[in-house]
Amino acid sequence: MLIEDLRLLVGEAKVSKAKEVLEEHSIDRWYANHLPDVVVFAHCKEDVMAVMTYAAEHQIPVTTRGAGVGYVGGCVPMEGGIALSVAKMTKVIDLNPNDGVVVVQPGVITGDLQNAVKEVGWYYPPDPASLKECSIGGNIATNAGGPRCLKYGVTKQYVLGLEVVLADGSLVTLGGRCHKNKTGFALPSLFVGSEGMLGIVVEATLRIIPHPQMRAMLTATFADFSNAAQAVQEILNSGHLPSALEITDAFTLQAARDYLGQDCLPPGEAHLIVEIDGRNSAVEAELPELDGLLKRIGAIEVERHPDAEACEKVWQLRRDFSYSLRATGLTKLNEDIVVPRSKLVDLVHFAKGLQERTSIPIACFGHAGDGNIHTNLMVADYEDPEVRAKANGALNELFDWVLSHGGAITGEHGVGLAKKPWIKEALGERSYMLHQQVKKSLDPDGLLNPGKFLS
């Protein structure tokens, strides 16, 4: 009955119960999985409205899915029902530099959007590491960031307006094309980071900015992580605001050398990426200033990368760090915790102690400029219940330490299922209750993405 009804509503070709399709839509890049009863591929907002109206009438859970490349089980359909894919909603509806906006459907791949905007001389800065795979809808759902959010901010800074289908199937328009708008509450921001639990984004109006004339980069190695972390503070305290400021620890560097070749990185136990952008004259003046600063504060070796092509080679190396860690044969529990910048060294010292107590290797790398460090527990035999219990105990220690030092349990991946056990502690009792009240107001029957952190 469900399959037939949905095919009548949106068309037979958009509805599937094929085994391989159900399996694909049962999981993201985390380990948890649950099969949906059916998958619907929406092509337009009207499809989404029709599905949600039907789901509300028949009390059927709906889990929205974009590209499915999340790391926390955020799109796993824990209560079955309908997996509603927006991956085929890939239109760039309006690209308008005169207004400084681009209007897109949620299935547009982030890297494709960046390329389209760049072709007209403009820039969409948010750049998650999976930008060639992840979608704008998923970025909005998790408030995705990336290396350049130090200077440019995360996804929420670029969302001017949204069209959202609510749990009852109705369509609401929030915000608009204006870069300044204080008409009513900031409701678009309510849906950014809501992980598909409040409504389904079917159209987004995003802010774009003029593309920087020039990019350049410095990479530096240091004797240890403490020296590299101190360099981060020195760079910012000296009045520089890089577009990206990335740090990497010794474990990750060794994994990269083992995977990519010993000569892929210069000697050193910590690595720093400093990218700058702007007008040609500004970048050309700032590059030697930063070079001198890094050498004065103890860099073992500093390399210059003077143009966009050279920068991209470094970013490819940075992206390969994740593949290098996977090549160790260990299961990577990819935690995207955030700490105040002043706590970076303390975090790494804590991680070393945790590693010694648990014998679980821990690899730290990520966005040093904003304190968002990917603290990866590298676990052998994760499918073994005893090993998993030990790893979860280590995660408990990590999150307790992070929260006690003014940090956050997720900076960009979201809560999903992976961080659900810690959400009440992270939010606090009153804040958690407020989240539940908002959810109840917009989705009174709990149909949207059930089983996640508000369930």
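Throughout, read-outs are computed from the coordinates displayed, never taken from laboratory work. Just so we're clear, the structure is a prediction, and the values are computed from it rather than from any experiment. Here the Cβ positions follow ideal geometry from the backbone for every residue, glycine too, while neighbour counts run over all protein chains shown.
Using only Cα atoms, tell me the angle between helix 225-237 and the longest principal axis of the chain; keep it within 0 to 90° and round to the nearest 10. That works out to roughly 80 degrees. Ordered by the count of other Cβ atoms within 10 Å of each Cβ, fewest first, Lys452, Lys420 give Lys420, Lys452.
Which distance in Å, rounded to a whole number, links the C-alpha centroids of segment 16-33 and segment 79-115? So the two Cα centres are separated by 22 Å.
In the chain, the DSSP-assigned H stretches of four residues or longer account for a calculated mean residue ellipticity at 222 nm of -11500 deg cm²/dmol, using -39500 (n - 2.57) per stretch and the full residue count as denominator. Note on segment 2-85: the C-alpha convex hull projects to 4.9 nm² when averaged across all orientations.
Quick note on segment 30-147: its Rg to Rh ratio, both from C-alpha atoms and Rh being the Kirkwood radius, is 1.02. I need the shape label for segment 127-263. Rule: rounded when a/c is under 1.5, else prolate if a/b > b/c, else oblate, with a, b, c from the alpha carbon gyration tensor. Prolate shape, in that a/c is at least 1.5 and a/b is the bigger ratio. With angles folded into 0 to 90 degrees, how steeply does helix 45-58 sit against the dominant principal axis of the chain? Use alpha carbons for both and round to 10. Tilt of helix 45-58: around 60 degrees.
Taking 0.36 nm per residue of sequence separation and removing the Cα-Cα distance, the Asp384/His58 pair yields an extension gain of 113.4 nm.
Only aspartates and glutamates eight or more places from Lys352 in sequence, or on another chain, were considered; those with a Cα closer than 19 Å are Asp224, Asp249, Glu269, Glu335, Asp336, Glu397, Asp400.
Among Val92, Val339, the ranking by other beta carbons within 10 Å of each residue's beta carbon, starting with the fewest, stands as Val92, Val339. Angle of helix 110-119 to the longest C-alpha principal axis of the chain, folded into 0 to 90 degrees and rounded to 10: 70°.
Cβ-to-Cβ counts within 10 Å put Val38, Val76 in ascending order as Val38, Val76, the fewest first.
Quick one: of Lys132/Lys313; Lys17/Lys419; Lys14/Lys91; Lys132/Lys420, which pairs are farther than 23 Å apart, Cα to Cα? Going by Cα-Cα distance, Lys17/Lys419; Lys132/Lys420 fall outside the 23 Å limit.
Between His405 and Lys118, the contour length at 0.36 nm per residue exceeds the Cα-Cα span by 99.3 nm. In vacuum, with every alpha carbon of the chain counted as one equal point scatterer, what does the Debye formula give for log10 I(q)/I(0) at q = 0.06, 0.08, 0.12 Å⁻¹? Two decimals, please. Computed log10 I(q)/I(0) values: -0.27, -0.48, -1.07.
Here's how it looks for Glu203: its modeled amide H is under 5 Å from those of Glu163, which are all 5 or more places away or on a different chain. Ordering 345-354, 363-372 by mean Cβ neighbour count within 10 Å, with the highest value first, yields 363-372, 345-354.
Taking the centroid of alpha carbons for each part, segment 303-338 and segment 342-358 are 21 Å apart.
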